[in-house]
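Below: one structure, written as structure tokens.
The values are calculated or read from the model by the stated rules, or taken from the named source; none is laboratory data. Remember, it's a predicted structure, so these values are computed and weren't measured experimentally. These area figures cover heavy atoms from the full protein model, side chains too; ligands, DNA and RNA do not enter into them. Shrake-Rupley method; radii C 1.70, N 1.55, O 1.52, S 1.80 Å.
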Amino acid sequence: MDWFLLNLIFLGIPVAITGLNVWNVFAKRKLIPRLLLLLTVFLGIFFYLCYFCYRDELTTIEWNEPVYEGYKHAFVSNEFELSFWILFAVGVASLFTIALVPAKKLSPIAASIAFAGVLIGNALNLFYCLQVAPLFFMKTPPYFEGLLECAPILFHFNILLLSIYYVRKQILELIPLMDGKIERTNSVLIKRLYSFLKKVLHWHVAVFAALVPLAVLIEIVLILFGQGADGFIKMFTMTADWTFSTQTPPPPLEYTGHYLCTVAAGGHKKLVKPLRFGNRRGAKILVNRQLMVANAFEELIQEKAPRLHKKIRGFYDAHGYPLSRLITTPLRADVVYVLMKPLEWIFAFTLYLFCTNPEEKILKQYA
């Protein structure tokens, strides 16, 4: 698949959906609003998952674990991740409520609670976008690697646009309904209540009034699930490298100077299969099978043919380090890992041919 098609899929489609959502917020003539809601949510989740799969190094490593230079820790604390998903679910459920339930079927209290839920969801969206804002300042190469950085912020920005559109639409539909209810009722109290809610400014007051009990209910749920009363704060602050982070991470691990070290550390874990940490010249590195086999083969050459080893080592030192500096993304590390597979098999065959205990020699590397 060429880069143009990847650009079209991973940047063109989200940008097009964002443009349509912006249009619906400001234009009088609306374009496929309900279909656009479904496309935004479901395609947004799809691109979100693509991002998480591609950038697993940015989504799984807790702040107190070391990462390699150039990589980052998790956006949201793993310990308080449940708080994030509970608040996100409240926001999305409230948005679908006001988007799909007709205004005439929503009571004023139900509508106020739904609006309060949307407000909570939008606060989460805003803080999340600010949290991951440093992504735009990361040094990433062009094409597919750089385009995926837009996924988290674009998704939350589109949820915010949909919220603005549907909250305003719901309020505008409720105002004429209240006019009819005011005319039909004989109760002075009910008339005053509907007159109060009729004004858009007073709707904001009602939303904030509903926000308090809804927030209390969410707090109770978070406490019951062991997240604590301040889980919604700690999910952003108990992190490192991001906007609201308050934690200081350990020093970064070292992997430059050996391109197979770079591959073991930088490739996707499901492919390169890192096995354990090891020690290389006093520095802590991540080790996989390919790296250990290559190093064991080099050790064998050094033992059997030291002059040949010296020449091979000189060539490797001259070309290996510059090559390692080009492996700046998981995708590139994956490609190098696959290309090195035939050599790994040759190295392993040679070890099994000339060593009495080849597996012992392989496993002791970088110990």
Qualifying residues in the range 72-99 (those that are assigned to a loop (DSSP other than H, G, I, E, B) and open to solvent by 30 Å² or more (accessible area, probe 1.4 Å)) - the one nearest to residue 41 (Cα to Cα): 78
Some residue of the range 283-298 being at pLDDT below 80, open to solvent by 40 Å² or more (accessible area, probe 1.4 Å) and of a type in the set (Lys, Arg): yes
Output for the range 43-71, where each listed residue is modelled with pLDDT of 80 or more and open to solvent by less than 20 Å² (accessible area, probe 1.4 Å): 44
